[in-house]
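Reading through the C-alpha cells given below for one structure.
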Amino acid sequence: MDLAYTEAEEEFRGRLREWLAAALPGLPAKPSPDDWPARRAYDTAWQRMLYDAGYAGLHWPADAGGQGATPTQHLIFLEETEKAGAPYVGANFVGLLHAGPTIAAEGTAGQRARWLPPVLRGDQIWCQGFSEPDAGSDLAALRTRAVRDGDDYVVTGQKIWTSHAEVADWCELLVRTDPAAPKHRGISWLAMPMDAPGITVRPLRTLAGSTEFAEVFLDEVRVPVRNRVGAENDGWRVTMVTLSFERGTAFVGEVVACRRTLDALADEARRTGRWDDPVLRRRLGRLNAEFRALWRLTQANVSESERTGGVPGVGGSVFKLRYSGVRQELYEAAAEVLGGDAFDVDREWVLDRLSSLSYTIAAGTSQIQRNIVAERILGLPKGR
Amino acid sequence: MDFQLSDDQRALRSGMRDLLGAVFDRGRLRAAVERDGALDRSLWRELGAAGFFALRLPEEAGGVGLGLPEAVLLFEEAGRALLPGPLVATHLAAGLVKGAAEGEAVVTAVAADLPAAHLAEADAVLVVDGQAPPGLPGDVLSGDVSGAEVLSGEALGAFVAAARPVRSVDPLTPLHRLAGRAVPTGAPQAYSGALHYEAALLTAAEQLGSAARTTEAAVQHAGERHQFGSPIGSFQAVKHLCADMLARTEPARAAVYAAAVTGDPAEIAAAKLLADEAAVRNARDCLQIHGGMGFTWEADVHLHLKRAWLRAASWLTVARAEELLAADLGAAGRLPRSSAAYGRPVPEAGGGG
C-alpha cells in the first residue's frame, strides 16, 4: 500500500501543471449552455489544444494514436485538469470514451485510420444511439432494424437519450440485424453519419430546463455495410469490450469537483451563520468522510487496473452505486446551506442539485448496479 | 502510486487468517460465548508469540518492526473472526506495560463514560482522559487533554473494586461500569492524543473485518436458502441488500487502508465513521437476510452486531467523527495532517509500503 506517487508520475504532473497554467488563459469565453454549436466549438477547440500538446487520447493505446499512458497518469491528468478549472471532455465524450475505444479495439486498420484521428484532433464528434424508448435497462431488447440492401443497411427505428445529437458528425449505433436470433445475438454496431437522409433529431428538455439530450428518429437511413465494426450480429460483444476500457478513472474529475464544492459549502455556511446548526455541520462532516473514501477507492481501483492491466474487479459498479447517491446528498446539503436561496435557479448549486437527480439513473440505474454487484461480484443467482 | 497490498502484506494477512482458523475456530468462538467472554490466556499468549501485540515495536526492542498498515490488516482479521479481548489496548500498551508485547499481560483501557471491557481480567489499565480524540477548536493539543495513565498492582485493585460488573449486551465482552468518570490520578505518562487516533483506526479495522464477514455470511445464506422454489438470493429485494453491504464495505476498506498509510486524523475519522456504519448496518442486514434464524442465539450474526455496537461507541463516536470532519472542511478548517501533531508519532509504514 503506497499512496506516494513515483518520481516519473510527479514529473508528469509537474509538466501538465505548467502546460495548463500557460494554456488555460488562452481559452475563449465559455459559451451559453443552450448554444449547442458554440458548445461544440468550445469543446473541440480544447481537444485541439490537448492534441497539439500531446495530451489527446492519453489513455488510448499508442497504436490507435493515443499516448498509452498508465492508469495512474490518467488519474493525475483528470485530477489536475479539474483542479485547474480546465474544460470537461464535453462534446468529445462519446468519441473519446466510448466509440473511439470501440473502434480502436474492434475496427479494421482502415476504420481506425478513418475515424480515430479526427476524434483525437477535435475535428469530429460522436454521439451514441444505444437506448430506445422500450430498451433502457434492458438494452439488448432494442428493436431498431437494419435490413441489408446491397452494400447498405437500411435502418429504421428510434433512439433516445442521445447527447450532442444535434451537433454530432457520427453516431455509434446499435441495430438489430437478426430479429430471429436470441436478443443478445442479433445486434450489430454501425457508424452512422449524422447528415444521412432520414435522420430527425428532436431535443428533449430535462427537468433542469436545458436540452442535454435528444430523441433520434431513423426512417430508412442508408448506412454503408463497410461502416459496421465487428462481425454482423456480434455488436453486443463489440460494445461490451469497450466497457473494459473503463479503468476506474470515470469519475475522477467529478470527485475532485465534489470535494471542492463541499469546502465551498462549509465556507458559505460559516459566512451565513448556518454553521452553528450542529445537524447541518455534522451532515457536511459525514459527506467529507464519504468523498475522502470515494477518492481513496478511486486510487485503489486505478492501482488495481494498473496491476492487472484490465478491468477493476470490485471497482466500477460499487463505486458508481455509492457515488451517485452521495452526490445527490451533497446537493441536498447544499440546499440546506442556501436556505431560501435554494429556490433561485441562478444561485450556484441549484442547477447542480437538479442535474444530480440523473446520477442514479444514467449509465445504469442504481437498481441495475445492485444487480451487477450482487450477481457478478457476489455471485448470487440471476432472477427477478 | 500503488494502493494495493504488497506481497508481504498479503502473506501477513493470510498468515493471520490461517492462525485464527487454527486457534480460534467456530467451536472455540462458541465456547468463549458459553463462558461469557472470559479470556483464554493461552490463546492470548499464542497471539503474543505470533507478534500480534509487538507488531509495531522496533525490532531492537523485541518487536516485529512493522507499521500501521500491517497492524490494520491483522485487526481486520481479528474483527472477521470475532476474536475477543482488549486487543487494541494491549497492542497499544506493548513496550509500555510489561508483558503486553508477549501476550503475558492483558491490558484494557477505560475512557469517558463507556463501560470498561475485561476489567476483572486485566493486568493493567490505560486510563484515558479527555474527549477522545482532540482536534476541535477549544481542544488543547497537548498531552494534558488526552493523556493516559497506566494503572496496575494495588491501584488497579482499588480501581476494580470500585467498579460494578454489569450483565453485558455482548456475550464476548464482559463489562464493568465505573463508579464515576475515570479520572487519572497522576500526570499523563506515555501517551497523548495520538493514542486516540491509533486506537480509533485499529478499531475501525476490526469493524471492517466484521462488515466483510457478515456480507459473506449473508451472501452464503441467500444462495442456499430456498423459498418459493428459488434461492432467496435470486430475489432483488434480497440481492440488493447484499449489494448495499458490499457498497458499504469497500469504501470503508479504502478509507481504513488509506488512513493507515497517511496517519491523517481526518482520514482516520472518516475511516472510523464509515467502518462503524458498515459493521453495524451490515450486521443488521445479515440478520434480516437470515430471517427467524438470524434472531436466534445459535446464529453468529448477533455476536457481530453486538460487538460492532460496542466498537462504534469506543474511541471515536459518530458524533465526534462528524464534528472533526466538519472542522476539517473549507478555508477556515483543516486539521493537522498527521496525528503526530497530537503527541506520539504514528510509526512509519513498514515492510513493502
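The values are calculated or read from the model by the stated rules, or taken from the named source; none is laboratory data. Only a predicted model underlies this, so the values are computations on that prediction, with no experimental measurement involved. Every residue, glycine as well, gets a Cβ built from its backbone with ideal geometry; the counts of neighbours run over all protein chains shown. Heavy atoms of the whole protein, side chains included, go into the accessibility calculation; ligands, DNA and RNA do not. Shrake-Rupley method; radii C 1.70, N 1.55, O 1.52, S 1.80 Å.
Just a yes or no: is a residue in segment B:5-26 among the aliphatic types (A, V, I, L, M), within 14 Å of chain A (Cβ to nearest Cβ) and not in a helix (DSSP H, G or I)? Yes, there is a match, as at least one residue in segment B:5-26 is among the aliphatic types (A, V, I, L, M), within 14 Å of chain A (Cβ to nearest Cβ) and not in a helix (DSSP H, G or I).
Within segment B:34-80, the residues that satisfy the criterion of being within 15 Å of B:V106 (Cβ to Cβ) and of a type in the set (F, W, Y) are B:W44, B:F52, B:F53.
Of the residues making up segment A:228-284, those that are open to solvent by 20 Å² or more (accessible area, probe 1.4 Å) and at the interface with chain B (Cβ under 9 Å from one of its Cβ atoms) are A:D263, A:A264, A:D267, A:E268, A:R270, A:W275, A:P278, A:R281, A:R282, A:R283. Candidates A:F130, A:F217: the one that is surrounded by 18 or more Cβ atoms within 10 Å (Cβ to Cβ) and among the aromatic types (F, W, Y) is A:F130.
When you go through A:L24, A:L50 one by one, which is the residue that is farther than 24 Å from A:C127 by Cβ and not in a loop (DSSP other than H, G, I, E, B)? Checking each option against the conditions leaves just A:L24.
Picking from residues in segment A:303-318 that are under 18 Å from the mean Cα position of the chain (by Cα) and either open to solvent by 20 Å² or more (accessible area, probe 1.4 Å) or under 14 Å from B:D244 (Cβ atoms) (or both), the one that is modelled with the highest pLDDT is A:V318. The number of residues in segment A:133-157 being among the polar types (S, T, N, Q) and surrounded by fewer than 21 Cβ atoms within 10 Å (Cβ to Cβ) comes to 2. Among the residues of this structure, B:A32 counts as one that is assigned to a helix (DSSP H, G or I) and small (G, A, S). Residues in segment B:215-243 that are more than 7 Å from chain A (Cβ to nearest Cβ) and either closer than 22 Å to A:V326 by Cβ or among the aliphatic types (A, V, I, L, M) (or both): B:T215, B:A217, B:A218, B:I232, B:A237, B:V238, B:L241. With the requirement that a residue be free of Cβ contacts under 8 Å to residues at least 60 places away in the same chain, closer than 18 Å to A:Q328 by Cα and part of a helix (DSSP H, G or I), what does segment A:357-384 give you? Of everything in segment A:357-384, those that are free of Cβ contacts under 8 Å to residues at least 60 places away in the same chain, closer than 18 Å to A:Q328 by Cα and part of a helix (DSSP H, G or I) turn out to be A:S366, A:Q369, A:R370.
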